[in-house]
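The values are calculated or read from the model by the stated rules, or taken from the named source; none is laboratory data. Only a predicted model underlies this, so the values are computations on that prediction, with no experimental measurement involved. Every residue, glycine among them, receives a Cβ derived from its backbone with ideal geometry; neighbour counts consider all protein chains shown. Surface areas here come from the heavy atoms of the whole protein model, side chains and all, with no ligands, DNA or RNA. Shrake-Rupley method; radii C 1.70, N 1.55, O 1.52, S 1.80 Å.
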Amino acid sequence: CNSKKELVPTGSKSLEGNWELTYITGPKIAFDGLYPNEKPNITFNISNNLVMGKNSCNSYTGGFKAEGNKLTINEGMASTKMFCQGEGENTYMTALQSIDGFSITNDGKTLNLLKGDVEMMRFERKYGVRH
């Protein structure tokens, strides 16, 4: 299927809510191999410019800035420090720090985090603002 999902211009309010990771670019390991027990998730709290979630093993929190379709996740996020096997946690956090934009599908159910024009991560909405 070569058809692209239609994307709509979005503002930061459309980020509000919780999203679960369904795709990440880069690793040579299959997605289910990276995240065998729990998929990473991310929650955007627009009113406080806070982002938080679980990277499949540890919880994280930090700040972000969104304007139009531009998105910057602040460096130096706070994180719990449990030992995590595999490459999933590092792969997720490295990709998250490289993000500079986002798009959301027309139905509001899919969030794409971008680096330039390249989709780095894809999330499915779990809860949040519905349009």
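Residue count for region 32-43 under the criterion of being touching a Ser or Thr at 6+ places or on another chain (Cβ under 8 Å) and not polar (S, T, N, Q): the result is 5. Among the conditions (1) in contact (Cβ under 8 Å) with a residue 40 or more places away in the chain; (2) assigned to a loop (DSSP other than H, G, I, E, B); (3) closer than 16 Å to Leu15 by Cα; (4) of a type in the set (A, V, I, L, M, F, W, C), Phe102 misses just one, which is (2).
All of (1) surrounded by 12 or more Cβ atoms within 10 Å (Cβ to Cβ); (2) more than 26 Å from Gly33 (Cα to Cα); (3) within 15 Å of the chain's Cα centre (by Cα) hold for Ile99 with one exception: (2). Scanning region 109-123 for residues that are out of contact with any Lys or Arg (no Cβ under 6 Å at 6 or more places or on another chain) and either closer than 19 Å to Asn45 by Cβ or among the basic types (Lys, Arg) (or both) returns Leu111, Leu113, Lys115, Met121, Arg122, Phe123. The set of residues in region 43-59 that are part of a strand (DSSP E or B) and either aromatic (Phe, Trp, Tyr) or open to solvent by less than 20 Å² (accessible area, probe 1.4 Å) (or both) comprises Phe44, Val51, Gly53.
Here are the criteria: (1) in contact with an Asp or Glu (Cβ under 8 Å, 6 or more places away or on another chain); (2) assigned to a loop (DSSP other than H, G, I, E, B). Tell me which single one Phe83 does not satisfy. So Phe83 meets the others, but not (1). So, of the residues in region 60-89 that are surrounded by fewer than 14 Cβ atoms within 10 Å (Cβ to Cβ) and among the polar types (S, T, N, Q), which turns out to be farthest from Ser14 (Cα to Cα)? Going through the qualifying residues, I end up with Gln85.
Here's a check for you: in region 23-37, which residue that is over 16 Å from Ile99 (Cβ atoms) and among the aliphatic types (A, V, I, L, M) is least open to solvent (accessible area, probe 1.4 Å)? In this case the residue turns out to be Leu34. Taken over region 18-42, the criterion of being at pLDDT below 95, outside any loop (DSSP other than H, G, I, E, B) and not aromatic (Phe, Trp, Tyr) is satisfied by Asp32, Gly33, Leu34.
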